[in-house]
Amino acid sequence: MADKTDVWQGTLALMVLKTLETMGPQHGYGIARRIEQTSGNLLSLNYGTLYPALLKLEQEGAIVSEWGMSDNNRKAKFYKLTRAGRKLLEREARSWQQATAIVERFLSPVEEA
Amino acid sequence: MHSLPRRLRALWIRLLGLSFTRPANDEITAELECHLQLHIDDNLRAGMTPQQARRHALIQLGGLEQARQTTRERSTLPWFEYLLQDLRFALRQLRKSPGFTVVVIITLALGIGVNTALFSIVNTVLLHPIAQPHPDELVAVDASKPNFERGSISYPNFRDWQKDNRSFAALAIFRHSGFLLTGTGDTERTHGEYITSDLFPLLGVKPMLGRLFAPGEDEIGRSPVVLIGEGFWARKFGSDPNVVGRAINLDGRAFTIIGVIPSSFDLNLGTFRAQDIYLPIGQWPNSALKLRGAGLGIHGIARLKPGVTLAQARADMNAVSDHLATIYPEDDHGLRASIRPLREAIVGYIQPILLVLLGAVGFVLLIACVNVANLLLARSNARAQEFAVRLALGASRTRIIRQLLTESTLLALAGGALGLLLAGWGTGVALKLVPAALPRASQIHLSPLVLFFTFLLSFAVGIFFGMLPAWRVAAQQPQNTLKEGGRGASSTRHRAQDWLVIFEMAAALVLLAGAGLMIRSLFALSRTDPGFQSKGLLTFSLSVPYSPATATAEGATAWVHEVDRRVASVPGVTAVSFIDGSIPMTGDDDEELFWLQNEPKPSDENDMHWALRYMVEPDYLKIMRIPLLRGRFFTDADRGKSPPVVVIDEDFAHQFFGDANPVGQTLNLTDPDQKATVIGVVGHIMQWGLDNDAGFPLHAQIYRSYAQVNDGDGIPASRFTSDLVVRAGHADTIFPDIQSALRQMNPKQVAYGAQTMDAVIADSLAARRFSMILLGAFAALALLLASVGLYGVISYLVGQRTQEMAIRMALGADRSNVLAWVMKRGATLAGIGVGVGTIAALLVTRLMAGISLAKSSLIYGVHPWDPLTMVGVIAILMCVALLACYVPARRAASVDPMRALRSE
């Protein structure tokens, strides 16, 4: 893991949802930057893959979009978490934590019984 | 992230996205544009030059166009969109060549429709002819005797068989009969069956009301009860639920109704039909019922015990009959039970015809498939250049193949849909032509399985031949095809098309030859002399209830005279005769048992001589126009008190007297026992039908005087029925006049069952006519399809060679040269097809000749290799083939060379 890691399939949606929960309504570029920053710039995100993911979440009803003005006065499409999206985030986060905890147990030094 | 509702919601939005493709596209573009701008702004702020900033942002995005593409694909359903595109394109392509489209669809529809229709009939009639449960256990049972392979079972033998056998779960017998119904509305002739108690239970029939006959209720001397059919119940009793216990009057006797048989019951075996009424056989007021040697037209049906094979049942019943023959040698010597599967008994006679037709229709389907293949081949060859251009412009091979697949599928679907309509219609038409007695005709319906099968087959053919050339085009280097101007690599495909056309021509010839022979057979039959003149003959039956006036011999004789007088006085009637015993062509037969003057009396009936017996009045010869060869026919003087006399036919004379003069010889008759003198010899008539007469063993015919046989008998206490035959100017329309004349004489007597002899003969040939019409139709269809195939190939050839021909003409070739060249090419193909087809036809007609219909071959009165038929059908095929070539040939010859060359 010398270089930046690619975003795994499936985790991008979780990151998008969490980002929107923390930051509130945000446009695509903002979400992308935020994910990069949060990862401590360890993650290499191809911005182009973000938009199909956003579209998918929107089609599934987890987020909604709306045109608005960005901080530097550019017309941008803002995404906002819906109630269904919040629930989805909760569920996904929990299952993700569970999964990582399990993997963690395998990888951590064996505890003496 | 895979919960179903969310995914469905996404799918729905993507589907909606299909129709809003453009706005969604714009929005995606705008959003990505904004993304870039925001990123560039950031980069500029970070101190990059504008170019650097933009380049960096684009790299991070992964390319603007790619991002737009992936996002757009997510916004709709791309595969679905392609499909819609392909469909639209395919429809446009098909619309552009309507001739091709229509021909392919119609060809497919004909193949699918005809095949499905016929197979639906076969499916019901041959494969499922019996509606009853476990039909494989059901067998038809008859008594085989020296003169009759499947003769009548006598009642006493039936009882012993029933008691002694160990193979049958149940055995029952039945006898058709007619009754005069009185007291329930108008006096009416009804049809019924005398049956035994086991019949309905063994067939699995349950009464819809009341009960069936109880065991033992069918024995002689039990109380008179009757089961009625649902139709009769509705017609006569208005479906009264309290009908059980009421009485009906049949032939002057009261019968108590005990149950109603549902109209869903259907069985078509020999003379047995679902009827209005069913009586226990013990109720039959026929004194001969008790006689073991009596042949009364009683036949049987049985259900084998589970696990018992036909062979085991036969062995068992042989033992039973042989045992009876030792106890009753006089009656049962040489008599055995004959057992065959019910299916065979019901459909055995029509099976060969249906199988021949099925073979024919298979040919038609094959030709249809070949035709479609041919058309698709020609078309995709013609489009080779189009594919090459598309490939060169960057279309993917899979996309082109998918496109062609869509087109073929569309054609196959349209053909299938039209075929379905055609099949429904065709089944109806075929059923109208079907011999009336076809089992379960009312249950024939479109078989979905068959429809599916034929559809799948033509579908597969369409796809396969649609894809094959596409595959080749896609696999080759487009530049080659482009260089050759679309004509490239086509010689091998020419050859494939040529072979297909040759095959079609050959198959069509085989069908034409078969149909030709069937037509010739019927023609031969129509010219067969039955020994009498059928035109102008009408037969009918007359029933009269008992009355004291006719109960005496004098009364009965007077009644016969009066009937004769009344019928003869109907305008148009030239002569009339009562006829009893055998009736020509109808299947009603009756036999005289006798021995010759110089022979000792045989010990039992089966060792006596048998002859077909006709009991007629003096005018009979005149009515039938049978020639008198020797001596004299009956006169009014041949009555009860006068010396017994008989007239014989030429076959009788030849069989028993050789070259000696039979007139004046004496015969010993058995019914009643008396000596009779032969007074005349008449011509032989065909008793068993035009095509079957030669196949039956019983040919000798003997005539007895109606007045002499019946003299001394009054009209019996129940009723009296006899048949009459008249010669009349308009035999087909005169019956109502006869009916009213007879009703005028006595309102209680009923004349019914009128048939012209021409109709009887036509009916006896119905199965042949049915197969001839269908085979003819299939052959015509095959010819049409094959010609379309040839036309397609020649047209294609002409289209490909237009320039070549233009050059030839420009260099001085005559138009007639071009015409001849094209015609020669077509004639060569057709000629090879005829050559191959002739060999195949000779084999197939040989096979057909081996197939027999009742007692004669399917091909009758004409050699299976009849040269006239072969030459005729070859001429027809060649004419139609040349016509199919002539149209494109004319087009080729009328090309304007300058125009054709300039268009290059």
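Derivation of every value follows stated rules applied to the coordinates shown; laboratory data play no part. Worth saying up front: this structure is predicted, and the values here are computed from it rather than measured. Every residue, glycine as well, gets a Cβ built from its backbone with ideal geometry; the counts of neighbours run over all protein chains shown.
Exactly which trypsin sites (Lys or Arg not before Pro) in segment B:503-593 are in a DSSP loop and have at most 16 other Cβ atoms within 10 Å?
Counting only loop positions with at most 16 other Cβ atoms within 10 Å, the trypsin sites (Lys or Arg not before Pro) in segment B:503-593 are B:Arg527, B:Lys535.
Work out the charge dipole of the protein assembly as shown with +1 on the Cβ of Lys and Arg and -1 on the Cβ of Asp and Glu about the Cα centre, then indicate which of B:Val646, B:Leu269, B:Trp499 is farthest towards its positive end.
Working it through, the farthest residue towards the positive pole turns out to be B:Trp499.
If you place +1 on the Cβ of every Lys and Arg and -1 on the Cβ of every Asp and Glu, how big does the dipole about the Cα centre of the protein assembly as shown come out, in debye to the nearest 20?
Computed about the Cα centre, the dipole is about 5680 debye.
Could you point to the residue in B:Gln37, B:His56, B:Ala67 farthest towards the positive end of segment B:4-76's charge dipole, with +1 and -1 charges on the Cβ of Lys/Arg and Asp/Glu respectively?
Selected residue: B:Ala67.
Treating segment A:5-105 as a set of equal point scatterers at the Cα positions, no solvent, please give the Debye-formula log₁₀ I(q)/I(0) at q = 0.10 Å⁻¹.
With one equal scatterer per Cα and no solvent, log10 I(q)/I(0) is -0.27.
Principal axes first, then extents: for the Cα atoms of segment B:235-341, list largest minus smallest coordinate on each axis, whole Å, largest first.
Principal-axis extents of the Cα atoms in segment B:235-341, largest first: 51, 36, 21 Å.
Under the definition of partner shielding as Cβ atoms of other protein chains within 10 Å of a residue Cβ, what is the mean value for peptide B:72-79?
Averaged over the peptide's residues, the number is 2.
Which angle from 0 to 90°, rounded to the nearest 10, does the C-alpha axis of helix B:351-382 make with the longest principal axis of chain B?
Orientation of helix B:351-382: about 10 degrees from the principal axis.
Please order B:Thr557, B:Thr309, B:Thr116 by the number of other Cβ within 10 Å, starting at the fewest.
Fewest-to-most ranking of B:Thr557, B:Thr309, B:Thr116: B:Thr309, B:Thr557, B:Thr116.
How would you rank B:219-227, B:643-651, highest first, on the average number of other Cβ atoms within 10 Å across their residues?
B:643-651, B:219-227
On average, how many beta carbons from a partner chain sit within 10 Å of the beta carbon of a residue in B:26-39?
Mean shielding count: 5.
Rounded if a/c is under 1.5, else prolate if a/b beats b/c, else oblate: with a ≥ b ≥ c from the C-alpha gyration tensor eigenvalues square-rooted, which is segment B:121-168?
Oblate.
Any idea how far the Cα center of segment B:765-817 sits from the one of segment B:649-712, in Å?
So the separation of the two Cα centres works out to 60 Å.
As an exercise, identify the trypsin sites (Lys or Arg not before Pro) in segment B:125-215 lying in DSSP coil whose Cβ has no more than 16 other Cβ atoms within 10 Å.
The qualifying sites are B:Arg166, B:Arg211.
How many partner chain Cβ atoms sit within 10 Å of a residue's Cβ in peptide B:43-56, on average, as a whole number?
Across the residues of B:43-56, the mean count of other-chain Cβ atoms within 10 Å is 0.
As a test of the definition: which semi-axes, in Å, follow for the protein assembly as shown when you take the square root of five times each eigenvalue of its alpha carbon gyration tensor? Largest first, please.
So the three semi-axes of the protein assembly as shown are 85, 42, 24 Å.
Can you give the % of DSSP beta bridges in segment B:537-730 that are antiparallel, to the nearest 5?
Roughly 80 percent of the DSSP beta bridges within segment B:537-730 come out antiparallel.
Among the DSSP beta bridges whose two residues both lie in segment B:147-333, what percent are antiparallel, rounded to the nearest 5?
75 percent
What are the equivalent ellipsoid semi-axes of segment B:537-730, built from the alpha-carbon gyration tensor (square roots of five times its eigenvalues), in whole angstrom, biggest first?
For segment B:537-730, the ellipsoid semi-axes come out as 27, 20, 16 Å.
Counting each pair of different Cα atoms once, what's the Kirkwood radius of chain B in Å, rounded to one decimal?
Taking every pair of different Cα atoms in chain B, averaging 1/r and inverting gives 34.1 Å.
If N is the number of residues in segment B:4-76, what value comes out of its Cα radius of gyration divided by 2.2 N^0.38 Å?
1.40
Mind checking the angle between helix B:735-745 and chain B's longest principal axis? C-alpha axes, 0 to 90 degrees, to the nearest 10.
The angle comes out near 30 degrees.
So if R0 is 51 Å, what FRET efficiency would B:Asp266 and B:Thr552 give, r being the distance between their Cβ atoms, rounded to the nearest 0.05?
According to the calculation, E is roughly 0.70.
Treating the beta-carbon of each Lys and Arg as +1 and of each Asp and Glu as -1, no other charges, what is the dipole magnitude of segment B:4-76 about its Cα centre, to the nearest 20 debye?
Here segment B:4-76 has a charge dipole of around 380 debye.
Could you list B:Tyr349, B:Tyr703 so that the one with the fewest beta carbons within 10 Å of its beta carbon is first and the one with the most is last?
B:Tyr349, B:Tyr703
Compute the relative contact order of chain B as a whole-number percentage, counting only Cα pairs closer than 8 Å that sit 6 or more residues apart in sequence.
Relative contact order of chain B: 15 percent.
May I ask which residue of B:Ile105, A:His27, B:Ile623 lies farthest towards the positive end of the charge dipole of the protein assembly as shown, with charges of +1 (Lys, Arg) and -1 (Asp, Glu) on Cβ and the Cα centre as origin?
A:His27
With +1 assigned to the C-beta of every Lys and Arg and -1 to the C-beta of every Asp and Glu, and no other charges, what is the dipole magnitude of segment B:147-333 about the Cα centre in debye, to the nearest 20?
Taking the Cα centre of segment B:147-333 as origin, the dipole is about 300 debye.
Filter B:Lys535/B:Lys601; B:Lys206/B:Lys290; B:Lys601/B:Lys641; B:Lys163/B:Lys236; B:Lys163/B:Lys206; B:Lys622/B:Lys855 down to the pairs with a C-alpha to C-alpha distance above 32 Å, please.
Where the Cα-Cα span goes over 32 Å, the pairs concerned are B:Lys535/B:Lys601; B:Lys163/B:Lys236.
If each residue's Cβ is checked for other Cβ atoms within 10 Å, how do B:Val887, B:Val244, B:Val563, B:Val114 rank with the fewest at the top?
B:Val887, B:Val244, B:Val563, B:Val114
What does the C-alpha gyration tensor say about the overall shape of segment B:668-816? Classify as rounded when a/c is under 1.5, otherwise prolate if a/b is larger than b/c, or oblate.
Prolate is the answer for segment B:668-816, as a/c is 1.5 or above and a/b outweighs b/c.
Mind pulling the angle between the C-alpha long axis of helix B:64-75 and the longest principal axis of chain B? Nearest 10 degrees, somewhere in 0 to 90.
For helix B:64-75, the angle is close to 30 degrees.
So in segment A:5-105, what percent of DSSP beta bridges are antiparallel if you round to the nearest 5?
Expressed as a percentage, antiparallel bridges in segment A:5-105 total about 80.
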